[in-house]
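Report on one structure; see the data block that follows.
The values are calculated or read from the model by the stated rules, or taken from the named source; none is laboratory data. Just so you know, these numbers come straight off a predicted model, no measurement behind them. Cβ coordinates were reconstructed from backbone atoms using ideal geometry, including for glycine residues, and neighbour counts include every protein chain displayed.
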Amino acid sequence: MTAKQSLPWIAGAALIALPFVYREPYHLHILILILIWSFAYTSWSMMGRFGLVSLGHGGFMGVGAYVTALLWNHLGVSPWIGIPIAMVAAAILAMIVAYPCFRFRITGHYFVLVTLALSGIVLQVITATRDYTGGSLGYTPDRTKGSQLWALQFDDKVTWYLIALGVWAVGLAIWKWVDRSMDRYALEAISEDEDAAAAAGVNVTWEKLKITVISALMTALAGALYCQYQMFISPDTVSGISVSLQMVFAVIVGGLYVSLGPTVGAVITILLAEGLRIGFGTKAVGWDNLVYGVLLVVFIIFLPKGILGSILDRLKTARKA
Amino acid sequence: MLVVEGLVKRFGGFTAVNQVSFRVEQGEILGLIGPNGSGKSTIFNMLSGTFAPSAGSMQFDGTEISGLAPHRIINRGIGRTFQIPRPFHRLTMFENVALAGYFGQGKHSRIKAEEAAERALGMVGLTTDRHALVDGLGAAGLKKLELAKALATGPKLLLADESLGGLDENEMDQAADMLRKIRDELGITIIWVEHIMGVLMRVVDRVMVLDHGEKISEGLPSQVSSDPRVVEVYLGTDAVATQAAAAEARR
């Protein structure tokens, strides 16, 4: 095994060992958030890297979180069953929205607008059904006493850290799996020229639908995980347009075309949000969104490959020279 | 092998292809010529599934293919090239062709796809650097790559939209010889679309001429090139008169 091949395993081992050595609760909390959001951003980038820019992922995340919590509170369904149901629900929602788009060749800006509407609709539904979901005040899954595997509720941060780490690693593995598949060639081709891809024998609608469903399933899992960890969800934190925009921002800043790009994006966005919260307190509510917006424009113009993508490019050219 | 009957394509009130019928026999090269806008590419787009015909039937190996999605038609064995090459810039040359081999053959086997890509690149003579990007290729190279992509899909019938514009005389001859080699060595039946008659006439077995969406002539190259209707379309009525006068003078 070369040094390059063993690096991910060493890094992985270090990340697993970390909470047994260092257990400052606030820092672990930030790390858990970073891991969960990294997974959500990775899910978004599965589509985004092929030019399928979705602003509907807030919707999938909301479905993941709310369906899991509602099934638990109202029907007593364990999250172990509720989460798969929520993921399937998000996948079905994704198919309902995406299939007509792909079938009738709604691409580019028009696709973005359709998905934007999806985010808005999910947010409205959560707010409108306030008798069940608590509306804009938010929603809390019923607590069990202490840590319960069945309820997927744990008091200690170490367990949550390990769960989030595992899911994040699975997300990266899925990213790599797609990256190595022939479907990646097909999707790259589709993103350039749909007719030419079809002339090469690619079933364009099916390929796009596949990656969309994978992405929606993963995003819903991220939402459910966030809900189980925070034990509080509100339409603003797990659904809606601002969450969708935050995903786009983080991925573009981190790097859209590299596996760890979304993770770098999560580190930056969460540290930025926490920094503003600690530095300015309630005076800075909403500032992070403002900063995101400005930075997004700056990045798209000056650093379209994102921070990690650009660094890796530099390293590659430096090695060649 | 291919039987087309009463093919019609309308775009709104405009009829791009009007009641065109023709047959293609196994192993032949059929030339399809006509001026710009005569409906050649529209016929190709219907045969390859990009457009559904407004009316008429297209039977390939005895089964109806009109209205099938492009990838299904390709999987049945009809490959195509585009008039202006449409390579994928984000993939390497080899990946471009391997993609067509993987999805076009309908077998979804990576090994078979790479073998097909290797063969197709060898056939068209693009064996340089398989990891090279598409951007380094010139006009002739891009046409070769386009052809390799179509060949990698394992076609029984190749729709070659080989407009030779942009190539010099030498390259035109090479392109024509390439199509003949594909037919002779791989046994692939070919329909070759072109709007100038020159090189095409030397290679094809039969020619069909279109004008304003209608078939105006069909037959051996020698017959077609002396057909007054074809001469009129290509050279104008004056030319017909001049030709007649020249014949008169020779007598």
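Confirm whether A:Leu28 is within 22 Å of the chain's Cα centre (by Cα), in contact (Cβ under 8 Å) with a residue 24 or more places away in the chain and in a helix (DSSP H, G or I). Yes, satisfied. Checking each residue in segment B:80-89 for being in contact with a Ser or Thr (Cβ under 6 Å, 6 or more places away or on another chain) and more than 8 Å from every other protein chain (Cβ to nearest Cβ) picks out only B:Gln83. For segment B:184-196, check the following and say yes or no: at least one residue is more than 27 Å from A:Ala186 (Cβ to Cβ), in contact with a helix residue (DSSP H, G or I) (Cβ under 6 Å, 6 or more places away or on another chain), surrounded by fewer than 19 Cβ atoms within 10 Å (Cβ to Cβ) and at pLDDT below 95. No, segment B:184-196 contains no residue that is more than 27 Å from A:Ala186 (Cβ to Cβ), in contact with a helix residue (DSSP H, G or I) (Cβ under 6 Å, 6 or more places away or on another chain), surrounded by fewer than 19 Cβ atoms within 10 Å (Cβ to Cβ) and at pLDDT below 95. If you go through segment B:63-73 one residue at a time, do you hit one that is closer than 24 Å to A:Thr205 by Cα, under 20 Å from the mean Cα position of the chain (by Cα), at the interface with chain A (Cβ under 10 Å from one of its Cβ atoms) and among the hydrophobic types (A, V, I, L, M, F, W, C)? Yes, some residue in segment B:63-73 is closer than 24 Å to A:Thr205 by Cα, under 20 Å from the mean Cα position of the chain (by Cα), at the interface with chain A (Cβ under 10 Å from one of its Cβ atoms) and among the hydrophobic types (A, V, I, L, M, F, W, C).
The single condition among (1) at negative phi; (2) not assigned by TED's automatic domain parsing to the domain that holds B:Ala132; (3) not acidic (Asp, Glu) that B:Asn96 does not meet is (2). Summed over segment B:112-162, the residues that are closer than 17 Å to B:Arg86 by Cβ and hydroxyl-bearing (Ser, Thr, Tyr) give a count of 1. The residues of segment B:189-213 that are closer than 22 Å to B:Glu171 by Cα and in a loop (DSSP other than H, G, I, E, B), listed by number, are B:His195, B:Ile196, B:Met197, B:Val204, B:Asp205. Restricted to helices (runs of 4 or more DSSP H) entirely inside segment A:179-257, those with at least 2 residues that are more than 30 Å from A:Val267 (Cβ to Cβ) are A:182-192, A:194-199, A:204-230.
Can you tell me how many residues in segment A:206-216 are within 14 Å of chain B (Cβ to nearest Cβ), over 15 Å from B:Asn75 (Cβ atoms) and surrounded by fewer than 21 Cβ atoms within 10 Å (Cβ to Cβ)? The number of residues fulfilling the criteria is 2.
Would it be correct to say that B:Ser66 is more than 23 Å from B:Lys181 (Cα to Cα), in contact with a Lys or Arg (Cβ under 7 Å, 6 or more places away or on another chain) and either of a type in the set (S, T, N, Q) or modelled with pLDDT under 95 (or both)? So B:Ser66 fails the test. From the list B:Arg90, B:Arg86, the lone residue that is modelled with pLDDT under 95, assigned by TED's automatic domain parsing to the domain that holds B:Leu133 and more than 18 Å from the chain's Cα centre (by Cα) is B:Arg90. Checked against (1) surrounded by 15 or more Cβ atoms within 10 Å (Cβ to Cβ); (2) polar (S, T, N, Q); (3) in contact (Cβ under 8 Å) with a residue 60 or more places away in the chain, B:Gln105 meets all criteria but (3).
Residues considered: A:Ala164, A:Ala200. Of these, the only one that is farther than 26 Å from A:Ala14 by Cα and crowded, with 19+ Cβ neighbours inside 10 Å is A:Ala200.
Across segment B:96-119, what is the total count of residues that are closer than 30 Å to B:Lys40 by Cα and either facing another protein chain (nearest Cβ under 10 Å) or among the β-branched types (Val, Ile, Thr) (or both)? Of the residues in segment B:96-119, 11 are closer than 30 Å to B:Lys40 by Cα and either facing another protein chain (nearest Cβ under 10 Å) or among the β-branched types (Val, Ile, Thr) (or both).
Contact map, segment A:144-167: first residue among the β-branched types (Val, Ile, Thr), second residue at pLDDT 95 or above and surrounded by 18 or more Cβ atoms within 10 Å (Cβ to Cβ), Cβ cut-off under 6 Å, separation 6 or more or different chains; pairs are A:Val167/A:Phe39.
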